Protein chains: 4
Amino acid sequence: MKAARLYKFNEPLQIEEVAPREVKGGEVLVKVTGAYVCASDLDIISGHIPEVKLPLTLGHNNAGYVEQVGQDVPDFKRGDAVAVFGGWGCGSCRFCRQGEEQLCSLTRWVGFGVDGGYAEYLHVPSYRHLIKLNKLEPVDAAPLLDAGLTPYRAVKLTLPHLYPGSVAVIIGVGHIGYFAVQIMRAISPGAKIIAVDVVDERLKLASQLGADWVIDGRGKAADEIKRITGGEGVQAVIDTVGSAATLPLAATAVGRKAIIMVLGLAGGTLPYSFLALPFECVLTNSVWGSYNELEEVLALAAMGKIKMHVQRFPLKDINEVFSRLRKGQIEGQAVITP
Amino acid sequence: MKAARLYKFNEPLQIEEVAPREVKGGEVLVKVTGAYVCASDLDIISGHIPEVKLPLTLGHNNAGYVEQVGQDVPDFKRGDAVAVFGGWGCGSCRFCRQGEEQLCSLTRWVGFGVDGGYAEYLHVPSYRHLIKLNKLEPVDAAPLLDAGLTPYRAVKLTLPHLYPGSVAVIIGVGHIGYFAVQIMRAISPGAKIIAVDVVDERLKLASQLGADWVIDGRGKAADEIKRITGGEGVQAVIDTVGSAATLPLAATAVGRKAIIMVLGLAGGTLPYSFLALPFECVLTNSVWGSYNELEEVLALAAMGKIKMHVQRFPLKDINEVFSRLRKGQIEGQAVITP
Amino acid sequence: MKAARLYKFNEPLQIEEVAPREVKGGEVLVKVTGAYVCASDLDIISGHIPEVKLPLTLGHNNAGYVEQVGQDVPDFKRGDAVAVFGGWGCGSCRFCRQGEEQLCSLTRWVGFGVDGGYAEYLHVPSYRHLIKLNKLEPVDAAPLLDAGLTPYRAVKLTLPHLYPGSVAVIIGVGHIGYFAVQIMRAISPGAKIIAVDVVDERLKLASQLGADWVIDGRGKAADEIKRITGGEGVQAVIDTVGSAATLPLAATAVGRKAIIMVLGLAGGTLPYSFLALPFECVLTNSVWGSYNELEEVLALAAMGKIKMHVQRFPLKDINEVFSRLRKGQIEGQAVITP
Amino acid sequence: MKAARLYKFNEPLQIEEVAPREVKGGEVLVKVTGAYVCASDLDIISGHIPEVKLPLTLGHNNAGYVEQVGQDVPDFKRGDAVAVFGGWGCGSCRFCRQGEEQLCSLTRWVGFGVDGGYAEYLHVPSYRHLIKLNKLEPVDAAPLLDAGLTPYRAVKLTLPHLYPGSVAVIIGVGHIGYFAVQIMRAISPGAKIIAVDVVDERLKLASQLGADWVIDGRGKAADEIKRITGGEGVQAVIDTVGSAATLPLAATAVGRKAIIMVLGLAGGTLPYSFLALPFECVLTNSVWGSYNELEEVLALAAMGKIKMHVQRFPLKDINEVFSRLRKGQIEGQAVITP
């Protein structure tokens, strides 16, 4: 089978012929028909993610059809449409046992620590990592596996702070923010949404996705947020950027007992101390999501509450896709269709 | 001023001239322009609510305009549109102090223990019981003060059991169910809704209000619910009826770790024991709602997420309205406009 | 190896020679040195638990030493002291995935659906069901696997209702209540404890285990509880009996927003309706506990916060132990030491 | 009556004769017999707390006996022993209405914005700010009103992160840490406690108060914490210092999904970003506590679970007490007994 492999950091992936691994026990071979190209691939390629060992087939957002099952696999058969949950934890630690495999310290994440899905076939070590797709096509499910799941968990963790009449801010309407706005709209108990970005068309997009207000981050965003909230500040901020510009905005946007959820790694820091934020604010992050949460995201999409805007690319164009991703030239979600 | 007063149980209210009480300190006199006629008025009239002392001006869902304020009242002035929160607790007990005045054992509920709003003016003992209305007319806010607030709190208490892909059942699409369906639609994190009733036009109404499925309770409702949920059962039931027919339906509809929220008092009982319900189900009720929750309900309505269907009646028709209410001949919400 | 097997309901177990199963993959063979004899064994023997298929080796509370490990077992080696978590779920359903295997509808509970530990060796299908014991002897850990874990989860679920100054009632100081009193003492945030029983020496025992008050259930228990709580009622009841005498006591003991946790199956029912309990009380049960919760129970015991009172019996006396259990002649916890 | 008043920042208080205010309506005059001297008094005196207007009678931790009640005061009478809850909120905002008056933006805190209790009598504007003392002497209750209540709320907010076998760190065993260790011992569900300080006798004291381990912050505290927790880190840190030395220690001490609760204002900052702490850690603070929480603290003390070590001083020595407080020469809690 063909696979796109990284041999050396900062070099293009090489598309080469690889023999698929044997399938036995509870293992499953999936024919990949959709592999979402995630911005964190760029961090792998640049060598910024330390545990990565080369050569490696990238691709951590994979969906497709069951090709072959091991002798101990129940419930799945050849031809089933499936998405692959990528947080393959140890199964034995406290976090795995409470269904938070993505927090396991030994997680072998597919496409990070184990060969991923930029390939014709993906070897999955247990059928338990698969979710059957009922209404969604694999190619549409692929972007949800990270870009949908990550903001879903983040939004869910902000819900205890929200109520009808409260306001939430989503900073950044890029890969994550695109879904964050929709998910906040779908699952919050009546909170209103402010979206902040510095690109005109993204602000326009945010309105279409359901934001109640859009604010240009190049202007006096903090003032506008205070005005909208009558001076009190908002009850939740999801900062999908995390830069030296956005984190101070988050800090000035919130009111008492609010939450700031940092998802972005753009190099900013928020200097925390007792008096740094209004009383009893919470500063935290969230990491990917659990298997059950992925099922919930897929359920939202199947109900039509999350829309995708997929652009398909053949496997051979993978390096070109990375190049366009670096330049911000991908509209919607880029999905490799090997 | 004119007021509709009950002098003897099971007799019509008498409309008579009453002198309004003096307004001093933090007190406020409200000119009532909307007083929602609630089914629990019938229970007062029939003598089924024990603490009631006659004569009494009924009416516990009141909104209108500030007419006069005491010398210590800040923030409110003549002409302000206001709704009156009706759970006037002691202010000192553990429940009052955590904002659950409606659970206070000493609650003097307006229209139950204190003269209510079927009158031209309502004397409110503290401005703290008032909520300013920004977008809603008092006549539209009136039905929300009980028929909206009660299911709001009930739905809110079921939310920890719900997630995208889960299913909730609302039994009864009458005065409470009308709002319960809309509120579940507005604030649940993506749960689907089954509405059950035994009246064709209510089932049709439930669909219009946002139910995903409607089920005729005269048929095999339990079977249909099991079919919809693939045998597992639902995660929440709100039984707005509480009859010998609906409570067993609730018990068979739920799955593991679900919640049954009983709001209706139609005389049924559910015999609870360790094996009566699927494992770790919760059986509970909820009572009215708090001031903050009322603000949340009004915010939902102001956002257009709860629709009312108000029919207006003059004060002199109050006994006629009760008569029609008894016969189920009120469509939408009957509001007295003194 | 020797094993005590049930061939026919209502007949004694037969102790016979059985070949241990082969150990491969992730499987482990445990040399049983402590198997707690649980009252639910009597329900299996009498045929009251429907899914049971005979013949069956009973025993669902097992601890001992690793004897042999399959080739894929990490972290465990021959001689390790271990306890066996008994809720062997499917691993794939929503409940298993959030760490509540004991709620899985396909659970094959050891000693119920699969051969248990009244035998010299126990075949465990995955090392993931084992917990390493650090400070506790297996024979002391055995009673905690059900009689400790079940009240632990139950008490934990009552904690949101409790606070310093609140009061909890534990009805029944038998096999479960013995641990419930100690656990409530250890993990509640300062709640006071009332223990109710109808046997003098159990009331005495409850005092020794940490109850603040003991009440004789043969007297006016409800009146005493009201007196202790100044008329308000308690915030939590754990009814380990569930009889026609105890459930009404639970219903009269509770105050507003309290919780009644039913653990016993002694045939009583509590007829629930909107007015059956004080406002916003919760009526529920809890089932066994999760693996993580079992680790928590073992941690409490290792810290000396739960004391056991173990009586040891050889495997050959198993039928005699059942006989004494039926007559209430076991003091403390009976553990088979095969 | 005599009162100790601040006329100019950084100068001694002047003890002078003041006429007590008239008592009417719901007001109460309390004869102060215990006023705890809090370190934040020093911040008022030095002018570091901006809203303070002079002259002002200091003292925000007051207890004593009811001297006189207004005509509308129920439930209280002359001679009742009472503690005064000091967070006098507006009563109308969302925070006040959910029982968090200490978060109200308009709070007039006694001794900060209103004349306090370093005086023979304290005028309390509503009987609702009083708590009756049953078992505690006012002089013993006084230190709990801030130095007990603040860590109580802080510890309570960490409880969702704790379980039997988990570990919590309390940094600083000074005025707040003294109570934090005891309260963590009393209300946590079996967490073990590490206390960190840089003064030998405080470490000794922490052991006596119930810490499982004490660590000298002058040594390799982070290494020791990692060793104790097997490398994982702790589930909660309460930093009562907040210095440039303690906040980095907090950051290295925690494990995944832990909480860092900052109570101290010693000038340090923790630069937060996505990667600053282990995954899904929470960084927050907590502010004083609510009336209900104060009742809970007093209940713990009445149960003997919080011990005080009170040193009494007459009103005339107030400036001498401040002087000793500045030098760290107060052992236990200094209470003025006017």
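The values are calculated or read from the model by the stated rules, or taken from the named source; none is laboratory data. This is a predicted model, so every value here is computed, not measured. Reconstructed Cβ throughout: ideal geometry from the backbone, glycine too, with neighbour counts over all protein chains shown. Each accessible area value is taken on the protein alone, full model and side chains, heavy atoms only, with ligands, DNA and RNA left out. Shrake-Rupley method; radii C 1.70, N 1.55, O 1.52, S 1.80 Å.
Using Cα springs under 10 Å in a Gaussian network model of chain C, which residue among C:Pro125, C:Pro151, C:Pro271 shows the largest mean-square fluctuation?
C:Pro271
Counting partner chain Cβ atoms within 10 Å of every residue's Cβ in C:155-162, what's the average?
What the average comes to for C:155-162 is 1.
Accessible surface of D:Tyr178 in the full protein assembly, 1.4 angstrom probe, to the nearest 10 Å²?
Roll a 1.4 Å probe over it and D:Tyr178 shows about 20 Å².
List every residue whose amide H lies under 5 Å from the amide H of D:Tyr272, counting only residues 5 or more places away in sequence or on a different chain, with H placed 1.01 Å from N in the peptide plane.
The list, which skips near neighbours in sequence, is A:Leu270, A:Tyr272.
List the relative contact order of chain C as a percent without decimals, with contacts defined as Cα pairs under 8 Å and 6+ residues apart.
Value for chain C: 18 percent.
Enter the accessible area of D:Glu201 (Å², nearest 10), with the probe set to 1.4 Å and all protein chains included.
D:Glu201 exposes around 140 Å² with every protein chain in place.
In square nanometres and to one decimal, what's the mean projected area of the convex hull around the Cα atoms of chain B?
16.6
Inside 10 Å of the C-beta atoms of A:90-97, what's the mean count of C-beta atoms belonging to other chains?
6
Any idea what the relative contact order of the stretch C:26-158 is, in percent, if you count C-alpha pairs under 8 Å spaced at least 6 apart?
35
Among A:Gly89, A:Gly268, A:Gly289, which one moves the most in a GNM of chain A with springs linking Cα atoms closer than 10 Å?
A:Gly268
If I take R0 = 22 Å and measure r between the Cβ atoms of B:Gln208 and B:Gln329 in this structure, what FRET efficiency does the formula 1/(1 + (r/R0)^6) give, to the nearest 0.05?
Efficiency, from the Cβ-Cβ distance: 0.65.
List every residue whose amide H lies under 5 Å from the amide H of D:Ser166, counting only residues 5 or more places away in sequence or on a different chain, with H placed 1.01 Å from N in the peptide plane.
Here D:Lys192 satisfy the definition.
Only Cα pairs within less than 10 Å get springs; with that Gaussian network setup on chain B, which residue of B:Gln182, B:Gln235, B:Gln71 has the largest fluctuation?
B:Gln71
With only alpha-carbon atoms in the gyration tensor, what are the semi-axes of the equivalent ellipsoid for the stretch C:1-124, in Å, largest first?
Semi-axis lengths for the stretch C:1-124 are 23, 20, 12 Å.
For the pairing of chain B with chain C, what total accessible surface becomes buried, with a 1.4 angstrom probe, in square angstrom to the nearest 100?
Interface between B and C: roughly 3100 Å².
A 21 angstrom limit on the alpha carbon distance is what I want to check against. Which of B:Lys156/C:Lys257; B:Lys2/B:Lys77; A:Lys192/A:Lys307; A:Lys257/D:Lys132; A:Lys305/A:Lys327; A:Lys192/B:Lys305 exceed it?
Cα-Cα > 21 Å for B:Lys2/B:Lys77; A:Lys257/D:Lys132; A:Lys305/A:Lys327; rest within.
Along the Cα-to-C-beta direction of D:Gln68, a point sits 7 Å from the Cα; which residues of the stretch D:1-34 have their amide N less than 16 Å from that point?
The answer is D:1-3, D:18-32.
Enumerate the calculated ³J(HN,Hα) couplings along the stretch D:108-113 in order (Karplus 6.51 cos²θ - 1.76 cosθ + 1.60, θ = phi - 60°), each rounded to whole Hz, writing x wherever the residue is Gly or Pro.
9, 7, 4, x, 10, x
Between Rg and the Kirkwood Rh of the stretch D:290-338, both from Cα atoms, what is the Rg to Rh ratio?
My calculation of the ratio gives 1.10.
Taking the simple approach of a point 7 Å from Cα along Cα-to-Cβ for both C:Val199 and D:Asp43, what is their distance in nm?
5.7
Copy-to-copy spacing for D:Leu265, label 7 Å out on the Cα-to-C-beta vector, in nm, shortest first?
For D:Leu265, the other copies' label points sit at 3.6, 5.1, 5.9 nm, shortest first.
Once the convex hull of the alpha carbons of the stretch D:56-99 is built, what does its volume come to per residue, in cubic angstrom?
132
I'd like the accessible area for D:Ser105: 1.4 Å probe, protein heavy atoms, all chains in place, Å² to the nearest 10.
Near enough 90 Å² of accessible area.
P(r) of the stretch B:52-195 in 5 Å steps, Cα pairs, percent per bin?
Result, from short to long distances: 2, 9, 15, 17, 18, 16, 12, 6, 4, 1, 0 percent.
Whole number please: convex hull volume per residue, Cα atoms of the stretch A:212-309, in Å³.
Hull volume over Cα atoms, normalised by residue count, gives 142 Å³.
Using modelled backbone amide H atoms (1.01 Å from N, in-plane), which distant-in-sequence or interchain residues come within less than 5 Å of B:Thr33's amide H?
HN-HN under 5 Å from B:Thr33: B:Ala63, B:Gly64, B:Tyr65.
Just to make sure I understand: if all protein chains stay in place, what is the order of D:Asp200, A:Asp115, C:Asp317, B:Asp239 by accessible area at 1.4 Å, largest first?
D:Asp200, A:Asp115, C:Asp317, B:Asp239
Over the C-alpha atoms of the protein assembly as shown, what are the Rg and the largest Cα-to-Cα span, Dmax, in Å?
Rg, Dmax (Cα atoms, Å): 32.4, 95.
Taking Rh as the Kirkwood radius, which is the inverse of the mean 1/r over Cα pairs, what is the Rg/Rh value for the stretch C:174-244?
0.93
Quick one: what are the phi-derived ³J(HN,Hα) couplings along the stretch B:75-86, Karplus 6.51/-1.76/1.60 with θ = phi - 60°, whole Hz, x for glycine and proline?
Per residue, the Karplus-derived 3J(HN,Hα) values read 6, 10, 9, 3, x, 5, 7, 9, 10, 10, 6, x Hz.
Lys and Arg at +1, Asp and Glu at -1: add these up for the other residues within a Cβ distance under 12 Å of B:Leu159 and post the number.
Every neighbour counted, the sum reads +3.
Which chain A residue hugs the A-C rotation axis most tightly by its Cβ, and what is that distance in angstrom, to the nearest whole number?
Result for the axis mapping A onto C: A:Gly99, 3.
Could you tally the net charge around D:Pro125, taking each other residue with its Cβ under 10 Å from the Cβ of D:Pro125, Lys/Arg +1 and Asp/Glu -1?
+2
State the dimensionless ratio Rg/Rh of the stretch D:151-271 (Rg: radius of gyration of Cα atoms; Rh: Kirkwood radius).
Here Rg/Rh amounts to 0.91.
Please report the Cα spread of the stretch C:153-210 along all three principal axes, rounded to whole Å, starting with the longest.
Largest first, the stretch C:153-210 extends 31, 21, 16 Å along its Cα principal axes.
Counting only protein heavy atoms and using a 1.4 Å probe, what share of the accessible area of the stretch C:163-215 belongs to carbon plus sulfur, as a whole percent?
For the stretch C:163-215, the apolar C and S fraction of the accessible surface comes to 51 percent.
How much of the accessible area of the stretch A:85-133, probe 1.4 Å, is carbon plus sulfur, in whole percent?
Carbon and sulfur atoms account for 49 percent of the accessible area of the stretch A:85-133.
How much accessible area per residue does chain D have, in Å², with a 1.4 Å probe?
37
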